[in-house]
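Let me begin by presenting the structure, written as structure tokens, before commenting on it.
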């Protein structure tokens, strides 16, 4: 099955992962499926395995056993390089710490994923050009027109968050994953950000998978799952 033919965005079965250090955190997933176009919120406390699960889904780490299928492609069967290419083409990632290049211009930060993803670059070009598409996303996310040439280090936390979101959305990836993206925002700004994010997600019909500890976010999503309902974890040395 290929990425275009798959009806599920994500399908995991019997996935096992353990960090390699002695007594390290382990993650076990029985069954986990996400349909295309869903807005899914995964709720879990700190140390429950949220970031590890996202790392598995995006191929940043490789499971030791089980089936991990993304958009019809068996991610667990790919080499490290092939996983990197698949992630670049099909995933937009909003990291908890944003991971912007601090001394790079905002516009260059947004366009960065297109350097590694020819299909996404082609979609951005078809939408009016890569730089125009980057500027459109920045504007749609509520940022001023002249922000593109500022360096990321000069931005507020809220502005950095929106730039990181524009970077994740450029080129219309099929799946957007977000790791605690609202944790640094107060309630009002959190609502504004979600409204802007969902507007862009709806426009491209992307699948959204967000992880958070904040149960107040549940009302905004089409499905909410507790990580404890799908995970059996050993929390010794657990990462976030």
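No lab work stands behind these numbers, since they all come straight from the coordinates. As the structure is a computational prediction, the values presented were derived from the model and not from experiment. Neighbour counts run over all protein chains shown; Cβ positions are idealised from the backbone, glycine included.
Take peptides 7-15, 171-179 and line them up by average Cβ neighbours within 10 Å, highest first, as a rough protection proxy.
Values: 7-15: 18.2, 171-179: 22.7.
Ranked by mean Cβ neighbours within 10 Å, highest first: 171-179, 7-15.
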Q: Multiply the residue separation of residue 115 and residue 36 by 0.36 nm, subtract the distance between their alpha-carbon atoms, and state the gained length in nm to one decimal.
A: 25.9 nm
Q | Pair residue 192, residue 7: separation of 7 Å Cα→Cβ label points (nm) | A | 4.2
Q | Cα→Cβ-extended label distance, 7 Å offset, between residue 140 and residue 229, nm | A | 3.0
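Once you have a ≥ b ≥ c as the square roots of the Cα gyration tensor eigenvalues for the stretch 21-149, tell me rounded if a/c is under 1.5, and otherwise prolate or oblate according to whether a/b is larger than b/c. Spell out each step's value before the answer.
Working: a/c = 2.09, a/b = 1.71, b/c = 1.22.
The shape class here is prolate.
Would you mind computing Rg(Cα) / (2.2 N^0.38 Å) for the chain, counting N as its residues? Mind showing how you got there, number by number?
On the way: Rg = 17.4 Å, N = 240, 2.2 N^0.38 = 17.7 Å.
That works out to 0.99 for the chain.
Hey, can you rank 137-143, 62-68 by average C-beta count inside 10 Å, highest first?
Details: 137-143: 19.1, 62-68: 16.1.
Final packing ranking: 137-143, 62-68.
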Q: Provide the packing ranking of 158-168, 78-88, i.e. peptides ordered by the mean count of other C-beta atoms within 10 Å per residue, highest first.
A: 158-168, 78-88
Q.
I need to check one value: relative contact order of the chain, counting alpha carbon pairs closer than 8 Å and at least 6 residues apart, in percent.
A. 34
Q: Evaluate the distance, in nm, between pseudo-label points positioned 7 Å from the Cα of residue 77 and of residue 213 along their respective Cα→Cβ axes.
A: 3.9
Q. Roughly speaking, what is the stretch gain from residue 127 to residue 153, that is 0.36 nm per residue apart minus the C-alpha to C-alpha distance, in nm to one decimal?
A. 6.5 nm
**Q.** log10 of Debye I(q)/I(0), alpha-carbon scatterers only, for the stretch 21-73 at 0.16, 0.31 Å⁻¹
**A.** -0.56, -1.62
Q: Using only Cα atoms, find the angle between the long axis of helix 157-169 and the longest principal axis of the chain, and express it within 0 to 90 degrees, rounded to the nearest 10.
A: 80
Q) Against the longest alpha carbon principal axis of the chain, how many degrees, from 0 to 90 and to the nearest 10, is the axis of helix 187-204 turned? A) 90
